[in-house]
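K.L.:
Following this message is one structure expressed as structure tokens.
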Amino acid sequence: WFAYTVMSADLVTAAGFPGQRITVLNNSVDTSELLRQRQSITPEETLALRDSLGFGTGPVGVFIGSLYSDKRLDFLFAAAEAVRLDVPDFHLLIVGEGAEREKVQAWCAAHPWSHWAGARFGREKALYVSVAQVMLNPGLVGLGILDSFVCGVPMLTTDCGIHSPEISYLDNGVNGVMTADDLKAYVKASTRLLHDFAALDILRAGCAASALEFTIENMARLFASGVSDALAA
């Protein structure tokens, strides 16, 4: 049985399938180009973008993904407002497109310390993420977690029960943060990271390690190993 992630394998094992006949693939996409693009971005480019967005020197949280209900944008907005009360120079950057674009546009228009950038891809996406210290996604998380790892911007999410299997890549306190599905808990974790540079550095190091682990090359190697195991059996 070829399982997307450890979460998938646990479900299959619980259903009675023998664990020794399961290969966990760690589903991924090709992240090598995004890594090269991120590494090519200069501090001057990041600073210039921050200035153009009007963000100054304050900390930034970035949301990146499709704009639809499962992303829980109202929760994101409420969290950002609460963080701003504790961190007065905090800014929120939203990168993405989708059905709830008008809601995002209206909220950003009412909160001038935020900015909606629309959809961005490739090197431009990496550049926008580079202005942020944390990635805020309180709703559904899937393969977008790889953007967090590759760009070295730790993700904070919630235990909301609607995540895709790739959420199993998040190791709480090591390469990201998962809080209870509670606004106060999420805000507390977010503000703590924005104040605690040492904790943020630990998560960045965890992101770098995970970026090397969850790759399409490693997925291919695991798939080949699983095929060999099946043939040997």
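The values are calculated or read from the model by the stated rules, or taken from the named source; none is laboratory data. Nothing here was measured: the structure is a model prediction, and the numbers come from that model. We place every Cβ from the backbone using ideal geometry, glycine too, and count neighbours over all the protein chains shown. Note: accessible area is taken over every heavy atom of the protein model, side chains too, but ligands, DNA and RNA are not part of it. Shrake-Rupley method; radii C 1.70, N 1.55, O 1.52, S 1.80 Å.
Per-residue answers, yes or no, for (1) acidic (D, E); (2) more than 25 Å from G56 (Cβ to Cβ); (3) open to solvent by 60 Å² or more (accessible area, probe 1.4 Å):
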position: E100; (1), (2), (3): yes, yes, no
position: C108; (1), (2), (3): no, no, no
position: K125; (1), (2), (3): no, no, no
position: G152; (1), (2), (3): no, no, no
position: M155; (1), (2), (3): no, no, no
position: G176; (1), (2), (3): no, yes, no
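K.L.:
Here's something else I'd like to know. Hey, V131 hits all of (1) in a loop (DSSP other than H, G, I, E, B); (2) open to solvent by 10 Å² or more (accessible area, probe 1.4 Å); (3) more than 30 Å from S8 (Cα to Cα); (4) of a type in the set (A, V, I, L, M) but one; which does it fall short on?
P.N.:
Status for V131: all satisfied but (2).
K.L.:
Does V104 qualify as being hydrophobic (A, V, I, L, M, F, W, C), closer than 21 Å to L194 by Cα and touching a helix residue (DSSP H, G or I) at 6+ places or on another chain (Cβ under 7 Å)? Give the steps one after another, and end with the answer.
P.N.:
On the way: hydrophobic (A, V, I, L, M, F, W, C): yes; closer than 21 Å to L194 by Cα: no; touching a helix residue (DSSP H, G or I) at 6+ places or on another chain (Cβ under 7 Å): yes.
So V104 does not fit the description; no.
K.L.:
In the set G161, G139, which member is assigned to a loop (DSSP other than H, G, I, E, B) and open to solvent by 10 Å² or more (accessible area, probe 1.4 Å)?
P.N.:
Testing whether each residue is assigned to a loop (DSSP other than H, G, I, E, B) and open to solvent by 10 Å² or more (accessible area, probe 1.4 Å) leaves just G161.
K.L.:
Is there a residue being within 19 Å of L146 (Cβ to Cβ) and open to solvent by 80 Å² or more (accessible area, probe 1.4 Å) anywhere in region 185-196?
P.N.:
no
K.L.:
What residue, of D74, D51, D10, D86, is among the charged types (D, E, K, R) and under 22 Å from the mean Cα position of the chain (by Cα)?
P.N.:
D74
K.L.:
Within region 39-80, which residues are in contact with a strand residue (DSSP E or B) (Cβ under 9 Å, 6 or more places away or on another chain), farther than 13 Å from S130 by Cβ, surrounded by 15 or more Cβ atoms within 10 Å (Cβ to Cβ) and touching a residue at least 60 places away in the same chain (Cβ under 8 Å)?
P.N.:
Correct list: P59, G61, F63, G65, K71, R72, L73, F75, L76, A79.
K.L.:
Right, next: Under 7 Å between Cβ atoms, at least 6 apart or on separate chains: pull out the pairs that start in region 203-228 with a residue that is on the phi < 0 side of the Ramachandran plot and end on any residue that is outside any helix (DSSP H, G or I) and open to solvent by 60 Å² or more (accessible area, probe 1.4 Å).
P.N.:
Short answer, once both residue conditions are applied: G206/D171; G206/V174; I216/V29; I216/D30; F223/F2; G226/F2.
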